[in-house]
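A short worksheet on the structure shown next.
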């Protein structure tokens with residue numbers, strides 16, 4: 001019997017265009033987008049969504065202007081500081097995925113603190129992809145796997161398609177059932193490449209700051225009408 005998605009991943013696109021359409025700087029759109037995150041997280045329990053993964057900053061986003069990148073990093077720190085208590089008190093467990101090496105020490109410290117603060121929560125598991133890229137994740141996972149083989153902790157003959165996921169950033173999470181991309185772009189932009197092999201996709205024209213809980217609910221409920229065959233034929 002079809003059911004709703006347990007794990008939803010979202011490519012939150014369109015903040016900059018939303019701001020520019022209003023004659024505002026791009027960072028204004030990112031600030032509006034951050035406010036939407038809270039509303040979508042709060043909608044998850046009522047929709048049966050246990051896991052929510054959001055794409056906040058990609059490994060390619062460093063190519064943006066220095067001013068925009070600096071503004072985004074400041075916004076991330078402000079968001080974590082402002083929302084930490086509410087996330088903890090509302091039963092949200094927060095995790096961050098991505099390569100932290102390039103991030104500034106203060107931001108990483110705040111990320112670590114928020115993960116620790118919410119570690120016992122289980123209502124919704126919110127995963128934030130920050131300095132994340134799917135290819136980069138697979139490359140880093142492969143290096144860790146190779147080190148284990150070289151050290152004798154893992155046998156080459158025992159490696160199969162179930163092995164690599166144990167080395168991915170998302171090793172403790174189920175694969176996403178549904179991936180949503182806002183803003184009218186129909187591409188996956190290097191997001192959860194391995195994990196989304198059998199995910200359903202929903203590409204919508206709505207810009208992320210206009211993505212309401214009602215739109216989210218409509219997409220989640222529509223998921224139940226999809227027939228997921230995983231390579232098999234209809235029964």
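Here are a few things to note about the model shown:
- Selection within region 168-193 - more than 13 Å from the chain's Cα centre (by Cα) and either exposed (fewer than 13 other Cβ atoms within 10 Å of the Cβ) or farther than 29 Å from residue 40 by Cβ (or both): 171, 172, 186, 187
- In this structure, residue 56 does satisfy being under 17 Å from the mean Cα position of the chain (by Cα) and crowded, with 18+ Cβ neighbours inside 10 Å.
- Those residues of region 194-206 which are surrounded by 16 or more Cβ atoms within 10 Å (Cβ to Cβ) and farther than 23 Å from residue 18 by Cα, in sequence order: 194, 195, 196, 199, 200
- Per the conditions (1) surrounded by 13 or more Cβ atoms within 10 Å (Cβ to Cβ); (2) closer than 23 Å to residue 72 by Cβ, the sole criterion not satisfied by residue 135 is (1).
- Residue within region 5-26 that is touching a helix residue (DSSP H, G or I) at 6+ places or on another chain (Cβ under 6 Å), within 23 Å of residue 86 (Cβ to Cβ) and either surrounded by fewer than 18 Cβ atoms within 10 Å (Cβ to Cβ) or without any contact (Cβ under 8 Å) to a residue 60 or more places away in the chain (or both) present: no
- Counting only residues that are closer than 28 Å to residue 119 by Cα, touching a helix residue (DSSP H, G or I) at 6+ places or on another chain (Cβ under 9 Å) and in a loop (DSSP other than H, G, I, E, B), region 142-191 holds 9 of them.
- Looking across region 194-205, just one residue is under 18 Å from residue 128 (Cβ atoms) and either out of contact with any strand residue (DSSP E or B) (no Cβ under 6 Å at 6 or more places or on another chain) or not in a loop (DSSP other than H, G, I, E, B) (or both), and that is 195.
- Condition broken by residue 123, with the remaining ones in (1) crowded, with 21+ Cβ neighbours inside 10 Å; (2) in contact with a helix residue (DSSP H, G or I) (Cβ under 8 Å, 6 or more places away or on another chain) satisfied: (1)
Bear in mind that the values in this text are calculations on the coordinates, not laboratory data. All values reported here derive from a predicted model rather than from experimental measurement. Reconstructed Cβ throughout: ideal geometry from the backbone, glycine too, with neighbour counts over all protein chains shown.
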